[in-house]
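The block underneath contains the structure these notes are about, expressed in structure tokens.
The values are calculated or read from the model by the stated rules, or taken from the named source; none is laboratory data. Keep in mind that what you see is a predicted model, and the values were worked out from it rather than measured. Glycine gets a Cβ as well: all are built from the backbone with ideal geometry, and neighbour counts include every protein chain shown. Just the protein is used for accessible areas: all its heavy atoms, side chains included, with ligands, DNA and RNA removed. Shrake-Rupley method; radii C 1.70, N 1.55, O 1.52, S 1.80 Å.
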Amino acid sequence: MAFVKWLKRRLVVIAGLLTLGYLLLPNIVVTVFSFNQPKGRFNYEWQEFSTAAWTDPCGVADLCGSLSLSLRLAAWATLGATALGTMIAFALVRYRFRARGAVNSLIFLPMAMPEVVMAASLLTLFLNLGAQLGFWTILIAHIMFCLSFVVVAVKARVMSMDPRLEEAARDLYAGPVQTFVRVTLPIAAPGIAAGALLAFALSFDDFIITNFNAGSTVTFPMFVWGSAQRGTPVQINVIGTAMFLVAVLFVVAGMVIGNRRKRQKA
């Protein structure tokens with residue numbers, strides 16, 4: 001009976017830890033196999049410990065080139081989607097105009113639509129326009145499907161803002177630009193940052209839409225998919241582990257900064 005009571009009190013915590021472990025398991029496998037020295041072309045079975053791949057992450061032809069391309073695409077797609085998405089979010093929350101409800105509904109379409117449908121639609125559009133498939137078509141496609149996620153993240157933040165803070169700034173003779181920079185933007189910043197991080201992750205990780213609209217351009221996810229047909233080099237695991245560690249560092253840094261701000265306010 002004592003064990004059952006103890007289990008009931010900690011059931012939520014145990015379930016949370018098990019779920020977290022389940023989510024982190026693929027990352028742990030990727031990290032472990034980044035130190036593997038496979039005897040064949042495929043890095044699917046553990047052979048022996050080695051740091052050779054870590055000392056030469058660009059040892060595989062075109063790997064770092066495709067990685068650099070994906071990072072540039074993700075950076076530009078994040079800038080474009082964040083700028084447009086933030087303006088759309090403010091417009092939908094702060095202003096009343098015709099077809100506002102329809103626009104709100106259309107914003108969710110890219111999130112609900114299967115990626116293969118959007119990919120085929122964009123490909124048809126580019127072909128009808130006579131556009132050459134490559135970097136720019138991928139960038140336009142990435143901005144288009146990342147836009148909805150940014151709008152949702154920023155819109156949620158803007159809706160929770162207290163309009164009295166901006167009214168107080170105007171009562172203290174702050175102009176529209178000064179009110180936006182000093183009051184509105186800092187309050188909306190967490191939502192904008194969340195939308196930007198989500199857009200970067202989605203753009204960097206996308207395969208289906210990119211594969212349809214890439215032409216002869218090869219991004220990192222496409223390189224990984226192509227390598228899986230011939231043999232998976234250990235360097236792919238190294239890049240994946242490095243990206244995971246960078247993401248963890250960003251999360252930890254955000255938590256530390258947030259805790260410091262709370263202590264300063266207290």
Yes/no for PHE145 being in a helix (DSSP H, G or I) and within 19 Å of the chain's Cα centre (by Cα): yes
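Taking helices (runs of 4 or more DSSP H) that do not extend beyond the stretch 7-113, which have at least 1 residues that are modelled with pLDDT of 90 or more and closer than 26 Å to ALA201 by Cα?
Numbers: elements: 11-33, 52-55, 63-94, 100-107, 109-112.
Hits in the stretch 7-113: 11-33, 52-55, 63-94.
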Yes/no for LEU73 being within 24 Å of the chain's Cα centre (by Cα) and over 18 Å from VAL224 (Cβ atoms): no
Residue in the stretch 102-112 that is aromatic (Phe, Trp, Tyr) and more than 24 Å from the chain's Cα centre (by Cα) present: no
Cβ pairs under 8 Å, 6+ apart, first in the stretch 235-255 and small (Gly, Ala, Ser), second surrounded by 14 or more Cβ atoms within 10 Å (Cβ to Cβ) and outside any helix (DSSP H, G or I): GLY240/SER34; ALA242/PRO57
Filter result (in contact (Cβ under 8 Å) with a residue 40 or more places away in the chain and over 25 Å from MET113 (Cα atoms)) within the stretch 160-210: ALA188
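Tell me which helices (runs of 4 or more DSSP H) are completely within the stretch 165-266 and hold 3 or more residues being closer than 20 Å to ALA153 by Cβ and either open to solvent by less than 40 Å² (accessible area, probe 1.4 Å) or not aromatic (Phe, Trp, Tyr) (or both), or say none if there are none. Outline the logic, then answer.
Values: elements: 176-179, 185-205, 208-213, 220-230, 234-265.
So the answer is 185-205, 234-265.
Can you name every residue in the stretch 5-36 that is over 29 Å from the mean Cα position of the chain (by Cα) and open to solvent by 70 Å² or more (accessible area, probe 1.4 Å)? Spell out how you get there, then give the answer.
Initially, the stretch 5-36 is screened for residues over 29 Å from the mean Cα position of the chain (by Cα), giving 5-11.
Listed by number, the residues that qualify are LYS5, TRP6, LYS8, ARG9, ARG10, LEU11.
Residue-by-condition table, conditions (1) open to solvent by 80 Å² or more (accessible area, probe 1.4 Å); (2) over 30 Å from VAL93 (Cβ atoms); (3) in contact (Cβ under 8 Å) with a residue 60 or more places away in the chain; (4) touching a helix residue (DSSP H, G or I) at 6+ places or on another chain (Cβ under 8 Å):
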position	(1), (2), (3), (4)
PRO110	no, no, no, yes
MET118	no, no, yes, yes
LEU122	no, no, yes, yes
ASN128	yes, yes, no, no
LEU133	no, yes, yes, yes
ILE138	no, yes, yes, yes
PHE145	no, no, yes, yes
Meets criteria (farther than 30 Å from TRP225 by Cβ, part of a helix (DSSP H, G or I), open to solvent by less than 40 Å² (accessible area, probe 1.4 Å) and in contact (Cβ under 8 Å) with a residue 12 or more places away in the chain) for VAL151: no
